[in-house]
Every structure is written in structure tokens, then in C-alpha cells.
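Every read-out reported here was derived from the displayed coordinates using simple, explicitly stated rules and does not represent laboratory data. Predicted, not measured: the structure shown is a model, and the values here were computed from it. Virtual Cβ from ideal backbone geometry, glycine too; neighbours counted across all protein chains shown.
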Amino acid sequence: MRAQSGIIQPPSLISVKNLRLTGRRGRGPETPIVENVSFDVAEKEMLALIGESGSGKTSIALALTGYARRGCRIAGGHIHVAGYDVTAMPPAELRAFRGKTIAYIAQNAGAAFNPALPLMDQVIEPALLHHTMPRRMAIERAISLFELMALPSPGTIGSRYPHELSGGQIQRLMAATALITGPEVVIFDEPTTALDVTTQIEVLEAFRTVRREEGFTGVYVTHDLAVVAQMADRAVVLKNGVVQEEGTTEQILSAPRHSYTQALLAANTPRIRNNVTETKDTGKDVPALDVRDLVVGYGGTGRDGRPRHTILSDVSLPVLPGETMGIIGESGCGKSTLIRAIAGIQPWTNGGITFEGEPLAPRIEARSAAQRRHLQLVAQNADLVLNPAMSVGDTLRRVLTFNGDAATDVEIGHLLDMVRLPVALADRFPPELSGGQKQRVNLARALAARPRLVLCDEITAALDTVVAAAILDLMMELKRELGIAWLFVTHDLHALRSVCDRVAVLYAGHRVEFTPVAALETPPHHPYTRRLENSVPEMRADWLSDVIGQRDQACDMAPAMPSSRGNGCCYVSRCPVREAVCEISVPPVRRSPDGALISCHLTIQDLSRSTAPGDQS
Amino acid sequence: MTMNAALIRAILRIIGASLVSLVFVTIAVFFITAVLPGDVADALLGQAATPDAVAALRHSLNLDKPVLVRFVIWVNGLLHGDFGVSLISRRPVLAMASERLIHSLLLAGVTALFAVPVALVLGTASAIFRNTLFDRAVSLLTLCVVSVPEFLVATLAVFIFSVQLHLLPSLASISDIHSIGSFLASFSMPVTTLACVIVGQMSRMTRAVMIDALGSSWVEMAVLKGASPAHIILRHVIPNVIAPLFNVIALSLSYLLGGVVIVESVFHYPGIASLMVDSVAARDIPLVQICALIFCAAYLFLTTLADIVALLSSQRRHAA
């Protein structure tokens, strides 16, 4: 349905006018998801759709392809994409349009690839469906796209299956799938949200490279303003399905006009919440928690008495009373395993843990009632841990009676007050609450046991930036009020900096650095810590180019391989400053003047030097 | 190579487990048949028999020996390929059972050929058009059919089509089959009755499996690539649901084994199930035992096959 000659062509490649999307749950009433949204995207331009969960940004992105998820529909307005009137096309024409003229890159590529088919079949599928080229040519084009996006072994990676690749690799394969037909428009739906910051850089760079080479028009859906700064020319800010503000990326990020954009920007800007409690690790205090040389693994025990495959290798972690200890590392580094071992749901094979001077049994069943009570876990996903059929009040009441405390309404009111929730919420059920409220209830449930140490496993990872910032604020208030110790696991360096006193950096199951948070700002640091720091996206538009320019490409290609046996440094394959000795012997632990413990063969002087700006290639 | 070795080991483990089950089943079959009330001597000689005659017959048939001794004799026979002879006809039970088994397999096979495609198509269609009028109609219909016991379906079918309408013979005689017409006449009612039992169950389970797959992100991705519904089902969904679907089919077919007992009896079809029913009535224990063993072995065969298919379909991905 190309616009016929004589009819005036729309001035831009994508034009959305007064779009209205609605959805209904079951047989409930139809409610609006998106209301009166209009925007245009010029040819070769990249437009960012910015918003938090529930803002309707993904629904809009899908509507551009003429698609609405089950229960949703395009209820009004007009969408023109590359001369097609998307809202007026019958199904057969939509099929010919999707995948050929407009392509979609999903947030979770791991789930968006069919697990039963080899990747190459799926990458070239759009080309075969739309008969844009024969199979052999499609494969050649796919391989050249793989090369362009710096995928390892581009010639053979297509014969593998989705579960065999890492998240960053599979996201790039999804981009190749989208580009195989050379579409005019490509939609990026939060393509790096599920990735680690270190991986995100590679994927963002791959996207920028293909955009430069292929020259498509793009729509980039995200909640991350720093990513917007790298990728987009213009941006539309959405809240609850309504456009708040529209402008160039530069204007939105530097001079936001709308109060919501300003709030988003504030939540994205790192700030220190913690007045660092001066940690006096004199060795005299009994630590609240003392993890000593912990080894967790699987696959049976080898001849040396250690597991055949290790997840955690000799990790030590002393936590002082009242201290907030941060644990950071990318996915797969063992940080959740460490939390689970401390919580008593993941037995260890070597080493040990003491809690307030008393040894902890590996299994929670063998721990004393007092230990179980004083050591509480707050899980990442409140949706999965709160019983949806139990009211908030009953959830808390159960913890109180379980521990033999008086379960009065006053006490429950006090707990809700502690997490800044109105007392009236006691009668509500988890499905009626927002994500932030659920996470607060989740915290209150842990606090109801009157713990001495709370384990927080990525408690802000599933939340929107503004809500996550409020949870971090709450954590700090509780820390001051209650004087309990926290173990805070995260992959978010901003969050870590803002709440922690000391930080342990994990890589491939090894503690590579253990440092007071104040020392994070200045060198020396472990090369991996530095890489983490450099990977956190910044709001300035040239950040990505700078980081990529600084990187040693050869090292980035090397896969992150946990060394299961103790010969050599665990980080050697990705380290830009490695030396021969790093391959063969375990690095010593060095102490910096700031009190950071760094496991590295380089001396403190060398580590300080190699962090100096301009000395990274 | 090691992958293949591991795969073969896993398959052997599954087969080994079902052989162990078969041993336990064999033991159970013997002792359960041993506690059946009454014996063949009473049944053969009738009520007028003198106690002496009954005792003599019992002795000649080894029925006066303790049950454990009889078990040893029986197992010893089995190990030598001797399944015993019928107490009544004195013919080897293996030969009797196997000729009937072929008839039953024919009936089950025709039923499967008819029921499996119908169920898969119905289930898939309901999944695609879920919560529409079509889906609800299929759902209601299959629920009704599943709820009615097969003897009632069979009896009603005979009453309507044979007694009232005189369209079909009430007996499914296998010896009369000379043409497609006579085949249809003999088989249509037994096959339809059996199909009623399994189509409902199979289509409902297929629907659940399909809905699960259709709700996945990779199906949405295929839609956004511009794939047609047929392409999505055949190319994307089917390879992912082979294992669960095969399980559904195997489970339903094994349910056929139960249904066949009733249907063969109602239609006097000369299959193994009616042989078993007759031999129970006559207390012809060796015949009962071999029929029971065949049923159990068939059930084990189907479930083992489903396990192996599930293993292979998951292995295919991991092996690459």
C-alpha cells in the first residue's frame, strides 16, 4: 500500500499521529495503554522512546510493525512507516511488511530465538520468508554482519543453538537477524537492559557500527538515559502512555523542560547517600559475618579435595556489625551463589562461615533458631517471594508469630512505617501493589524478624530507576535507624557507591579486590575493577567512543573463562596489562595506601600508573 | 563421540529401568492371578463333579502345589520360552495370544491412525483460536466425550446404528472382511468408540502444550519477521513440542489398552482383550497371565518410547 503518486508523501519516514492503544485483561474493561501519541522520525534518524515500565514504550514500538500483543489493539490514530499505512493494512500485507521493511530487536534475545533450531536458520529466516535473496547469499550476508559486529568465529557461530551463546553474543545475532533483509526501519526494544555493563559496551558499539554501515532509520526504546546519549539523535519522553517531552537528545539530557524528565535525570545521576561509617577493621571486633576461604562447586570432588567445577574459589569476606558490604561483579561471577551459601540454601565444600563468632552450618536446617532469625534474605524479585494470596499484614504477622513475637496491629503498623508504607496497606494483597511497594513489603518481611544482618540480592535490579533510587534511600535510613549490617549484592556500580562502606569485587568466582568505598574514586585498582568503572555509561554523547578508543580490542575478544584450577590469575584472558607470570601463578594480595586489597601480580606502583588517563592502550 | 556414548548410556538406562519394571510386573501378575477365587477344576468339571475327580484334576494341573512352587515352575517355563498351555484347550497360550494380539493391534492401529491426527488438529486449532466460540465448542464437546464411559458409548452406538437403524452390524467380525466396505462396517463402531475415549484427552493436552509454545517470545519474534501462521506452527512450534506431544500420544495410546477390553467385549471382536476376559471367566490362569503380561509390556513399551523420544529431542540441541 505504497502511497500513490499524486498523494503527498509524508515528510518523514515514520509518522505517528494521535496513536491510541488499548488493552484488556481477561474480560475486563478496555483500558488505554497509550493515549494521543504523535511523533515523526526523519530518514536515517535514530529516535529514542524513553520511559519507565508501564509507560507504553514497547507497545508503541510494536505498533509500528502493526502488531499488538494478545488482549491489546491499536484503537485509534495513524501510523505511516516508509510509505505504508500500517493501521490500514490487511494481515497478508502486514506479513510482507514485517521483517522486510521494518525489523524488530527484542529485549531478551535469549528467549526470542527458538531453542530448537540452529541460529543461522533463524538469522536468515526473514530473507527466505520475503524471498529477498537465495539461501547461500543470505548466509554470506549473515556472516559478514557477524564480522561487522565482532562476533567470535563468525563462520561457524551460526551452527550453534541459542543456549550455547552468551547474552551479549546472542543480542548481536538478533541484530543480524533484523538487518539480514536490509530493512528501512529497525526497532531496538531495550536491547541491552538485560546485559552487564561490560557486555553492554560491546553490543552498543556493534549497533553503532552496523548503523554506520547500513544506514537505517531507527527507534530505540529504553529507560537508560546514558544509553540514549550514545545512540539517539532525538528523544521522546513517555509517562503512563502520554508524551511528556520531545526534543534533541542533547536538549533532553542537558536542559529538560518537563518535571518528569528532570526527575528521571536526577535518578540517573549518581549520588552518595551513605555517610561512610568509618570502618575500623582492627581485628578486635567480632565481625557480624565472617566468610573464610569459601569454596562452592559442583561435579563431585577431585583428588585435591576441591570440587571439579568451582563457582566460588576461596572467597573471604568479613562484615563488621552495622556495616554495609557491597558485592559487585558481572552475571555468572558467583555473587548470588555467595549470598545463597550465606543464607544456607547452597552448601559449600571448603572453608567456613561464622556469624557473630559462632560457626554457621552449611544447610539452613542445621542452623539454630536464633541464627535463622538474625540472618535474613531479601530476594531480587518480590513478585516471586510474596504469597499473592496472603495480605501484606498476614505476611508480616506470620514472620512475627513464627519468631515468637507479639503479632499486634501496632507492631505491623510499626513495620510498615519503617519501610515508609501507609498502615492501610496491611489489608492489601501483593498483586494490588506497585513494584516499589512490593519490594518495600519484601524488606519489611525481613525486618520483622529483627535481623542483625540482611542479605540483599540485587533488590533494585528489577525496579525502574526512580523507584530504585527511593529504595536505596530507604536502605540508608534504615541503616542509620536500626544499626544492622547489610550485604548488598549488585551489578550496578552507582548503587554500590551510593550505599556501601566496603566493596568486594568478584570475577569468575574469585575476590579480585576488597576495598573501602572511598578508595574506589582513586587508583590503584585491579584491572577488572577499572574496567567495571569505565563500563558504566555516562550521559555525555562521546562516552562510548572514548571507551572503545581506550580498549585493547584483542583482550575484549577473549571469552571470560573462569579458571577452575588455581594456576594463573582468573582475569588473565581479558586483562589489558597481563604479563607472562599471570598465566602461571596465582596473584598475590597487595594492599594499597587507601586500604584496598588487590589480587594482582602488578605492584601497587604499576597499578597506580596504569590507571593514569591516556595510558590505557 | 563422548556425547554419543553418553546418549547411548542414557537410552540403555531407560530401557534397563523398564526391564526391571517388567520383572516386577511379571511377579505381580502371577500372584494376583493366583489369588483369584475359584479354579479351573471347578469350572471344567461343573457343579456335579465328585470331590475325587476335582482333586485328581487339580493334581494333574499342579494346582495342589503351594503357590511358591507353582511360581518357580512358571518362571522357569518363562525363562525357557514356555509360557504354558491353556488349561482348557491344552494349546500353547503364546500361540493363542499372539493370533489374537494381531487383531487387537489392528484395531488399536486403525484407532490411532484416526484419532491421533484428529486430536492434534483439534488441539492445535483450539490453541490458535483460544477463547473463541470454536475453542469453547471443542472444549465442551471433548469434555462431554471424555466423561461418558466407553461401555455406554459402545452400547448406545450398537442401540442406535445396529438395533434401530440397521446400518451397521453389532458384531465386529474380522473374518468377514473382504472389501473396504465390509472393513468400514466392521470397524467403524469399535474404532469410533475407542477414539472417543482418547481424542478428548489428547486434544485437551495438545491444546495446553501448544498454548504454552505459542505464548513464547520466539513465536512473537517469528510473527515480527513476517512469518505466516502455518509457517510458525510447522517450522517453529512443532520442533519444540515434539517431546511433550509424543508423551501425550503415548499416554493416550496406553489408555487405549484399557478401552480395548470393554470395546472388544461389547462388539465381540476377536482380540486379545476379549480372550483375556473369556479366560478369566474360565479360570484359565496361564492364558490370563500371558494376556496380562502382554498388556503390561505394551504399556511399558509406549512409555519407554516416549521417554527416549523426549531424551533424543533435548539431546539434539545439546549435541550440536
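Note on B:ILE238 and B:SER89: their simple-model spin labels are 4.4 nm apart, each label 7 Å out from Cα toward Cβ. From the alpha carbon centroid of segment A:154-197 to that of segment A:392-406 is 47 Å.
For segment A:320-360, the Cα-based Rg and Dmax, in that order, read 11.6, 31 Å. Here the peptides B:70-79, A:523-532, A:77-86 are ranked by packing, the mean other Cβ count within 10 Å, and the order with the highest first is A:523-532, A:77-86, B:70-79. In a shell of Cβ-Cβ distance under 12 Å around B:MET221, excluding B:MET221 itself, what net charge do Lys and Arg (+1) and Asp and Glu (-1) give? Cβ neighbours under 12 Å give a net charge of -1.
Under a Gaussian network description of chain B, with springs only between Cα atoms under 10 Å, the residue in B:THR33, B:THR304, B:THR132 that fluctuates furthest is B:THR132. For chain B, the dipole from Cβ point charges (+1 on Lys and Arg, -1 on Asp and Glu) about the Cα centre works out to 980 debye, to the nearest 20.
Treat the count of other C-beta atoms within 10 Å as a stand-in for reagent exposure and order A:GLU213, A:GLU245, A:GLU45 from fewest to most.
Arranged by neighbour count, lowest to highest, A:GLU213, A:GLU245, A:GLU45 become A:GLU213, A:GLU45, A:GLU245.
Label-to-label distance, B:PHE151 versus A:SER38, with points set 7 angstrom from Cα along the beta-carbon direction: 7.5 nm.
Per residue, the convex hull spanned by the Cα atoms of segment B:88-319 amounts to 153 cubic angstrom.
Full extension of the chain between A:HIS258 and A:GLU579 gives 110.4 nm of extra length, using 0.36 nm per residue less the Cα-Cα distance.
Each principal axis of the Cα atoms in segment A:316-466 has its own extent, and those three values, largest first, are 47, 37, 27 angstrom. Summing charges over neighbours of A:VAL399, with a neighbour being any other residue whose Cβ is under 12 Å away from its Cβ, gives +3 when K and R count +1 and D and E count -1.
Over chain A, what is the mean sequence separation of C-alpha contacts under 8 Å (at least six apart), divided by residue count, expressed as relative contact order in percent? Let's see the in-between values first.
Details: 1206 pairs, mean separation 76.2, N = 617.
RCO, chain A: 12 percent.
Counted over the protein assembly as shown, the DSSP beta bridges are approximately 55% antiparallel.
You can think of it this way: the chain between A:ARG428 and A:LYS17 has 144.0 nm of extra reach, that is 0.36 nm per residue less the Cα-Cα gap. Partner lysines whose Cα lies under 16 Å from the Cα of B:LYS225, excluding those fewer than 8 positions away in the same chain, are identified as A:LYS100. Peptide A:115-121 shows a mean partner chain C-beta count of 4 within 10 Å per residue C-beta. In whole Å, what is the distance between the alpha-carbon centres of segment A:469-532 and segment B:253-288? Cα centres, segment A:469-532 to segment B:253-288: 73 Å. Taking the fewest neighbouring Cβ atoms within 10 Å as the starting point, the ordered list for A:ARG340, A:ARG98 is A:ARG340, A:ARG98. The distance between label points at A:LEU94 and B:HIS231 comes to 1.5 nm (points 7 Å beyond Cα on the Cα→Cβ vector). Computed from the alpha carbon positions, the gyration tensor of segment A:41-159 leads to an equivalent ellipsoid with semi-axes of 28, 18, 15 Å, biggest first.
Among the residues of A:97-109, the average count of other protein chain beta-carbon atoms within 10 Å of the residue beta-carbon is 3. Summed over all non-identical Cα pairs, the Kirkwood treatment of segment A:126-246 gives a radius of 15.5 Å. For chain A, the fraction of C-alpha pairs farther apart than 32 angstrom is 54 percent.
By the count of neighbouring beta-carbon atoms within 10 Å, fewest first, B:SER216, A:SER254, B:SER179 end up ordered B:SER179, A:SER254, B:SER216. Entry note, the protein assembly as shown: the mean residue ellipticity at 222 nm calculated from DSSP H runs of n ≥ 4, each adding -39500 (n - 2.57), is -15000 deg cm²/dmol after division by the residues and rounding to the nearest 500. Positive contributions from Lys and Arg (+1) and negative ones from Asp and Glu (-1), summed over other residues with Cβ under 14 Å from the Cβ of A:ILE364, come out at +4.
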